[in-house]
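One structure below.
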Amino acid sequence: MAKQKNNTPEVVEEEKKLPFAKMNYILVLVGVALIALGMILMIGGGSSDPDVFNPKMFNFQRLTLSPILILLGFVVEIVAIFWRKK
């Protein structure tokens with residue numbers, strides 16, 4: 001015997017619900033943007049000649065700012081997953 005679907009309005013509304021709200025998706029995009037920005041800021045600082053040392057490799061942008069942005073992006077991603085509308 002085949003089961004019949006209960007087509008009451010309450011059941012139909014539950015089937016159409018998305019797992020995340022609009023705010024969740026906005027937070028996910030913000031988190032991805034922060035992670036991407038941190039990775040972009042980490043690029044560079046090398047030298048084309050292996051015998052020449054480039055001190056720009058150890059500046060504030062690459063050692064401090066970009067890892068903070070990447071970690072902040074991951075925190076925003078976790079918040080985006082757990083965010084619930086009150």
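Comparison of PHE20, PHE53, PHE74 shows that the only residue that is surrounded by 13 or more Cβ atoms within 10 Å (Cβ to Cβ), in a loop (DSSP other than H, G, I, E, B) and modelled with pLDDT of 80 or more is PHE20.
Of the numbered criteria (1) surrounded by 16 or more Cβ atoms within 10 Å (Cβ to Cβ); (2) within 19 Å of the chain's Cα centre (by Cα); (3) not β-branched (Val, Ile, Thr), the one LEU65 fails is (1). List the pairs whose first member sits in the stretch 62-86 and is over 16 Å from MET39 (Cα atoms) and of a type outside the set (A, V, I, L, M), whose second member is buried (at least 16 other Cβ atoms within 10 Å of the Cβ) and at pLDDT below 95, and whose Cβ atoms are under 6 Å apart, counting only residues at least 6 apart or on separate chains? Listed by first residue and then by second, the contacts come to TRP83/ASN24.
The values are calculated or read from the model by the stated rules, or taken from the named source; none is laboratory data. Values in this document were obtained by computation on a predicted structure and should not be read as measured data. No Cβ is skipped: glycine too gets one built from the backbone with ideal geometry, and neighbour counts run over all protein chains shown.
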